[in-house]
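The values are calculated or read from the model by the stated rules, or taken from the named source; none is laboratory data. The structure presented is a predicted model; accordingly, all values stated were derived computationally and were not measured. As a convention, Cβ positions derive from the backbone with ideal geometry for all residues, glycine included, and neighbour counts pool all protein chains shown.
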Amino acid sequence: MTKARAFGFTVAAVCLLAPGLPASISAAAEEPKAQAGQPSHGEPEISSQGWSFTGPLGTFDNAQLQRGYQVYKEVCSNCHSMRLLSYRNLGEKGGPEFPPEAVEALAGQVQVTDGPNDKGEMYQRPARPSDRLRSPFPNPEAARAGNNGALPPDLSVIGKARPGGPDYIYALLTGYHAPPAGFQLAPGMYYNAAFPGNQIAMPPPLSDGIVSYGDGTKPTVDNYARDVSAYLMWAAEPKLEERHEIGARVMVFLIVFAVIMFLAKRVVWARLHEHTAPSV
């Protein structure tokens, strides 16, 4: 008996002993196709945006970063902290590059807790450029109590901590919509097309006209989202421009070095060929 005939008898025997098996196999094969044809909820919708800082030679737009800090200060800082950032960083090269007097003015608008003084008491004073950005809550417990149990994440490195970086932040801030038909929202949650699961505890933070720009930029949700996304990306990678500049110099050096090595190789081997050339 050949192997083909033996295999056929085996399959037939299995089908006779388990008559429902072929139908089960067929149903299992069709199930993924049926699932693929159904609309799936919970998948984040994130599209790539055009940013000035992407690419090997990308740089930040200083004006955009300044506007982004304004959006963070007037909107985001009510709930989110940036514990790793100091006011003096706002004036550093490669960032918003606020003038020194503007940095001092921005810091002086904030009251921070310091001390103890000679009496052993803590006191309030205007912030200095060396101080960290003030957090809206003194501790995580207070933050949860003020946000219905949800803990707002620190935004110091959020631009690198989330897949997609600034694309994700922009999509999240502009992703608030009415839920599709049949989608069940949990109590106290909001529908967001970019958030995993499409349910988020944070209310829509942005609306047209909520922040007044001084440079003539239109006060729209789209511009707010783009500006604060760029600002948060800079906060997460403040040395990006310096890294790009060093990388460009290294590439130029390697190209020049490769050309020199190629020419040197031709000169050296040309001499060797002259010495080893057979005489006629």
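For the condition on the phi < 0 side of the Ramachandran plot and touching a helix residue (DSSP H, G or I) at 6+ places or on another chain (Cβ under 7 Å), what is the one hit in LEU172, LEU206, LEU263, LEU254?
LEU206
Restricting attention to segment 67-91, which residues are free of Cβ contacts under 8 Å to residues at least 40 places away in the same chain and either touching a strand residue (DSSP E or B) at 6+ places or on another chain (Cβ under 9 Å) or assigned by TED's automatic domain parsing to the domain that holds GLY159 (or both)?
LYS73
Can you report the number of residues in segment 84-122 which are under 23 Å from the mean Cα position of the chain (by Cα) and among the acidic types (Asp, Glu)?
Residues meeting the conditions: 2.
Looking only at segment 210-222, count every residue that is without any contact (Cβ under 8 Å) to a residue 24 or more places away in the chain and surrounded by 11 or more Cβ atoms within 10 Å (Cβ to Cβ) and tell me the total.
So the count comes out to 2.
For (1) farther than 24 Å from PRO203 by Cβ; (2) touching a Phe, Trp or Tyr at 6+ places or on another chain (Cβ under 9 Å); (3) not in a loop (DSSP other than H, G, I, E, B), each residue gets a yes or a no:
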position	(1), (2), (3)
LEU84	yes, no, no
ARG88	yes, no, yes
LYS93	yes, no, no
ARG125	yes, no, yes
SER130	yes, yes, no
ARG134	no, no, no
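Does TYR87 satisfy the condition of being among the hydroxyl-bearing types (Ser, Thr, Tyr), closer than 14 Å to MET233 by Cβ and modelled with pLDDT of 95 or more?
It is false that TYR87 is among the hydroxyl-bearing types (Ser, Thr, Tyr), closer than 14 Å to MET233 by Cβ and modelled with pLDDT of 95 or more.
Being under 30 Å from GLU92 (Cα atoms), touching a residue at least 12 places away in the same chain (Cβ under 8 Å) and touching a Gly at 6+ places or on another chain (Cβ under 7 Å) is the filter; apply it to segment 109-154 and report the residue that is surrounded by the fewest Cβ atoms within 10 Å (Cβ to Cβ).
PRO126
Taking segment 212-249 only, how many residues are in a helix (DSSP H, G or I), of a type in the set (Phe, Trp, Tyr) and over 21 Å from PRO163 (Cβ atoms)?
So the count comes out to 1.
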